[in-house]
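Student: First the structure, then my questions, so here it is.
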Amino acid sequence: MTNSIDKATVEQTKWAALLEDAVRKPGKMLEAYRAFHNYSFGNVLLAMFQCEARGIAMGPLATFDNWKSKKRFVRKGEKAIILCRPVVIRLTEKDEAPAPRCDYAEYRSTQSFAMLDEEKSASKGKVIKRFVYEAKWFVMNQTDGADYKLPEMPSWNKNTALAGLGITEIPFAAPVSGNCQGFARKDQVAINPLAQLPHKTLFHEMAHVVLGHTKADNYQAHGAELPLSLMEVEAESTAMLLLDALELPGAEYCRGYIQNWLGEGKEIPESSAKRIIAAAEKILRAGQQKAQQQVAA
Ligand SMILES: [Zn+2]
């Protein structure tokens, strides 16, 4: 018993130091945040209407080949979603025949030839934008592929932790951007099957739930206003401590994310640090219960 208390104290001290490091040591941003194209608001609406009409859940969009490159495959018979795509047309010499612009002869007489040449070469490379509608996109729900795979965690079990904390995992369907790694709402979490570090995302989303960020009045959590930036810092910091406890990779990405949300030179507030450590302990313990029971049995 004494031993486990000592162990917890050592862990807490280490975690406090890790939280301090989080804003000082260099961090990185996940490459996955740039994996998918960011569609315009108009295109997102267009895709949503089509999904609704066809009764399929909206989700990340990509072309057939883009999905293939991400090891997800469009199911046979799936009909492509139509989006509007800008096309850039470069004008050729022929196209550029200038629209009648006042009296050309008069214009020419007042300008030097050098200027005219300059004008000509400038308009030669002139580009115009047109929009075309094409059916070549598919939402994630029209594709098949492997689900995310968590790394080996001998001392922590996902299902035990989720059950113990009253959290349900749901399919990753709603988010519009494939760059979104996961989400949490109420007592539910969803992880993108293409998440770059699914264990980090899982901990992050679980932390949002455990920290009370996903309650209906989420901006009034903890009896005070907690801005979105601090919620993100708290959830990611919790994930970072869990990565440390379970000896998993990805801490540099946590630091990058934390610094990005916190802003340069800012420290994690002490009230948040306390909540972060408590949440990390709670999630850690919830996943360890099965292992302990097995030992006892
Ligand atoms: Zn978050």
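The values are calculated or read from the model by the stated rules, or taken from the named source; none is laboratory data. The structure presented is a predicted model; accordingly, all values stated were derived computationally and were not measured. All Cβ positions, glycine included, derive from the backbone under ideal geometry; neighbour counts span all protein chains shown. Calculation scope for accessible area: heavy atoms of the full protein, side chains included, ligands and nucleic acids excluded. Shrake-Rupley method; radii C 1.70, N 1.55, O 1.52, S 1.80 Å.
Student: Would you check which residues across region 160-192 are among the β-branched types (Val, Ile, Thr), away from the ligand (no atom under 15 Å from the Cβ) and part of a loop (DSSP other than H, G, I, E, B) and list them?
Tutor: Matches in region 160-192: ILE170, VAL176.
Student: Only residues in region 166-195 that are of a type outside the set (A, V, I, L, M, F, W, C) count as the first member; pair them with residues that are within 14 Å of the ligand (Cβ to nearest atom) and open to solvent by 50 Å² or more (accessible area, probe 1.4 Å), Cβ under 9 angstrom, at least 6 apart or cross-chain, and list the lot.
Tutor: From region 166-195, the pairs are THR168/GLN188; GLU169/GLN188; ASN179/TYR33; GLN181/TYR33.
Student: Can you tell me which residue among ASN3, ASN43 is out of contact with any helix residue (DSSP H, G or I) (no Cβ under 9 Å at 6 or more places or on another chain) and at pLDDT 85 or above?
Tutor: ASN43
Student: Hey, another quick one. Out of the residues in region 45-59 that are out of contact with any strand residue (DSSP E or B) (no Cβ under 8 Å at 6 or more places or on another chain) and in a helix (DSSP H, G or I), which is farthest from GLN142 (Cα to Cα)?
Tutor: LEU45
Student: Moving to a separate point now. Tell me, please, whether a residue that is within 16 Å of the ligand (Cβ to nearest atom) and free of Cβ contacts under 8 Å to residues at least 40 places away in the same chain can be found in region 150-159.
Tutor: No, because not a single residue in region 150-159 is within 16 Å of the ligand (Cβ to nearest atom) and free of Cβ contacts under 8 Å to residues at least 40 places away in the same chain.
Student: Quick one: would you say TYR39 is assigned to a helix (DSSP H, G or I) and touching a residue at least 24 places away in the same chain (Cβ under 8 Å)?
Tutor: No.
Student: Okay, next question. Anything in region 136-152 that is surrounded by 21 or more Cβ atoms within 10 Å (Cβ to Cβ) and touching a Gly at 6+ places or on another chain (Cβ under 7 Å)? List them, or say none.
Tutor: If the condition is that a residue be surrounded by 21 or more Cβ atoms within 10 Å (Cβ to Cβ) and touching a Gly at 6+ places or on another chain (Cβ under 7 Å), then VAL139, MET140 are the ones that fit.
Student: Right, here's the next one. With at pLDDT 90 or above and not β-branched (Val, Ile, Thr) as the only criterion, which of GLN111, GLN181 stands out?
Tutor: One residue alone meets the criteria, GLN181.
Student: Do you know which residues across region 255-279 are open to solvent by 40 Å² or more (accessible area, probe 1.4 Å) and small (Gly, Ala, Ser)?
Tutor: GLY265, SER271, ALA278
Student: Being in a helix (DSSP H, G or I) and closer than 30 Å to ARG85 by Cα is the filter here; which residues of region 133-159 pass it?
Tutor: Of everything in region 133-159, those that are in a helix (DSSP H, G or I) and closer than 30 Å to ARG85 by Cα turn out to be MET140, ASN141, GLN142.
Student: Also: So the check is Cβ under 6 Å with 6+ separation or different chains; which pairs have a first residue in region 132-144 that's within 12 Å of ASN43 (Cβ to Cβ) and a second one that's open to solvent by 60 Å² or more (accessible area, probe 1.4 Å) and part of a strand (DSSP E or B)?
Tutor: Every condition considered, the pairs that remain are TYR133/ILE82; GLU134/ARG85.
Student: Here's a follow-up. Is one or more of the residues making up region 120-128 at pLDDT below 95, assigned to a strand (DSSP E or B) and in the same structural domain as LEU45 (by TED's automatic domain parsing)?
Tutor: There is at least one residue in region 120-128 that is at pLDDT below 95, assigned to a strand (DSSP E or B) and in the same structural domain as LEU45 (by TED's automatic domain parsing).
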